[in-house]
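FYI, it's all coordinate maths here, none of it is from the lab. Keep in mind that what you see is a predicted model, and the values were worked out from it rather than measured. Note: ideal-geometry Cβ built from the backbone for every residue, glycine included; neighbour counts use all protein chains shown.
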Amino acid sequence: MAAPILALQNARVTFGGGDLFSDISLGVERGMRIALMGRNGSGKSTLLKAIAGDIDLDGGERFLQTGVRVSYLRQQPTIVPGRTVYEQVQSGLPKGAADDGGDTSYLVDQVLVGVGIDGSRQLDTLSGGEARRVSLAEALVSEPDVLLLDEPTNHLDINTILWLEGELKAFKGALMIISHDRQFLKNLTNRLFWLDRGQLRTHGKGFSAFDHWSEEILRREEVEAKKLDKKIAEETDWSRKGITARRARNEGRIRALHRLRAERAERAAPVGNAKLTVSAGSKSGKTVVEAHDISKIYMDELKQEQEVIRKFSTKIQRGDRVGIIGPNGAGKTTLLKILMGELEPTTGEVKLGTNLTPAIFDQHRDSLDPDTSLWDTLADPGSGQLLVRGEVRHVVAYLRDFLFEDRQAKSPVKSLSGGEKNRLLLAKLLARESNLLVLDEPTNDLDMETLDLLQEMLSSYSGTLLVVSHDRDFLDQLVTSTIVIEEGGHVDEYVGGYSDYIRGRKDRGAKSRKTADKKTLPADNREKQSRKKLTYKDQRDLERLPAEIEKLDADIAKLESDLADPEFFNKNPDLFNASVAKLSEYKTQKETYEDRWLELEILQEEMNGA
């Protein structure tokens, strides 16, 4: 085991008269790429600040190997009025670097090209996303030995996230990352630190192992509690709700999403057209939005026309879940407003369906009064109750659904974190009767538990959904089609989520490259080339997996029934523990089979439609 280059020993930090965490010991070695996990409010950001040396410990010690450089990206960018972007990034260079006789300007220029920001711009003119990218450049420019990143993907578009992933994959030092972006963590990490109820747990695998590992720990705690014949602690149960929400997606939900995507594909035009066909005999209210050849042109500062949307057509029907992605500034919100009838297109037309009851998520949270309590924000005055989609609920019980604690009900909105405000806004929005839900960047500032909760709620939403998001995993698990806006006004639509878009774009490029050669082939060769089918192994998996999944369902149900017996542990503790382990193994295997089956189903459908 290599010696750590940075370490904490018996670290303790107090907050509000009590310990936020104590007796935390950890070591960071070269090559470690750590995902720092923990529910909202557990102290993750505080621990990261302590590791960075940004705050003093109330107990314990921090060790840093001589000569080791540490860079720390904070959640909130630092804006210094009057300073340029170049000056801010340059301040991230090691002290004295410019005095060593070497030219360091190329380092600043290189990283600014990566984040796509002009170095001459003033910091106080930047948007939130641009300021975030400048902070990233400042953290990266020093080529540190240890890089600490607190929610690095917040307010970044997908292109910038992909650029950042590339930079971090090539980074030679140690990484520690707090993030709610599951795909980002999966792609980058090889270690897990989990801050849970004041304790730090570690694991030698990356984020992909987190759900299984953390659930197993909580299950073992439950076994220990049963040994002592005690009720499981409330906070343990609360924690499990967030962690197991993602794993609760069963085969039925996977099939349901696949069915919705298949229905969407049936209405889609051939690849390359980006228009959706009009289905005959639509029932009244079935069509939600129909856009035909819409374009939007703005005049820029030089009085030149800039086309942000060019001749785009789509038809969105009741029950569709449509994701919208693209670079910051490409026109996502503009397209959303045009589709909602809030903004007129320059050319083309938009028709809205009948009997629409929209609910719109405001990413700036302007609809929340900072001085009003959570209770009064949601409940009818004086009643303590609210109507949630036709059902009467008590405000405290409803707040629990959104992972708020009872004590927070009477707290003012201004006491909440950014993620908690988003959670409250979602609670307010989802309580309303609606058949069209419009969400503009709902995942910014959300912790992972809230993301899981939101995804579960939206998956069961029976209305139509339009969502702008940069979260790839969120889109993959939720939407039936993805509208992609690129610079220059080009807009296209793909059936499925983000991964389907990437696969479709690659297939489209490959088909374009082969078109000329294909035309020159003899007719019989062209026919052979078009007859694509699954490999023998793929076809075999497609046929056998439903039966395997059904068998696992039966095995899981049997084990869960056995474990529900309160006397099981007392009768045979060894068998009880073995059954717990076997249940976890079966659930993991089932999830793997479901993912494989869904992948093959989609692949076969694409081949049949080719």
Sequence-distant residues sharing a close amide H with Asp293 (under 5 Å, placed H): Phe312, Ser313, Thr314
Spelling it out for Glu143: with amide H atoms placed in the peptide plane at 1.01 Å from N, the residues 5 or more places away or on another chain with amide H under 5 Å from its amide H are none
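In debye, nearest 20, what is the charge dipole magnitude of the range 48-196 about its Cα centre with +1 on Lys and Arg Cβ and -1 on Asp and Glu Cβ, if you could check? Each step should come with its number before you reach the end.
Values: 14 positive and 22 negative charges, 70 e Å.
Charge dipole, the range 48-196, about its Cα centre: 340 debye, nearest 20.
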State, to one decimal in nm, how far the label point of Gln539 lies from the label point of Ser417, with both points 7 Å from Cα in the Cβ direction. 5.3
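Taking the highest mean first, how do the peptides 459-467, 475-483, 376-384 order by number of other beta carbon atoms within 10 angstrom per residue? Before the final figure, lay out the partial values.
Values: 459-467: 17.6, 475-483: 24.0, 376-384: 14.4.
Highest mean packing first, the order is 475-483, 459-467, 376-384.
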Computed FRET value (nearest 0.05) for Ala397 with Gln604, which takes r as the C-beta separation and R₀ as 60 Å: 0.85
Using modelled amide H (1.01 Å from N, peptide plane; none on Pro or chain starts), what sits under 5 Å from the amide H of Phe21, excluding residues fewer than 5 places away? Val13
Rounded to whole Å and ordered largest first, report the semi-axes of the equivalent ellipsoid of the range 340-395 derived from its Cα gyration tensor (root of 5λ). 33, 17, 6
When ranked by the protection proxy of mean other Cβ atoms within 10 Å per residue, highest first, what sequence do the peptides 18-26, 554-562, 32-40 form? 32-40, 18-26, 554-562
Kirkwood Rh, the range 30-98, all Cα pairs: how many Å? 15.0
Fewest-first ranking of His394, His470, using other Cβ atoms within 10 Å as the exposure measure: His394, His470
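Indicate, rounded to the nearest 5 percent, the antiparallel portion of the DSSP beta bridges found entirely in the range 252-511.
On the way: 25 of 42 bridges.
Within the range 252-511, antiparallel bridges account for around 60 percent of the total.
Please rank Tyr536, Tyr72, fewest neighbouring Cβ atoms within 10 Å first, as an exposure proxy. Intermediate results must be reported in sequence, preceding the final value.
Values: Tyr536 8, Tyr72 19.
Ascending number of Cβ neighbours within 10 Å: Tyr536, Tyr72.
Please state the equivalent ellipsoid semi-axes for the range 252-511: what are the square roots of 5 times the Cα gyration tensor eigenvalues, largest first, in whole Å? Working shown, then result.
Working: eigenvalues 227, 87, 64 Å².
For the range 252-511, the ellipsoid semi-axes come out as 34, 21, 18 Å.
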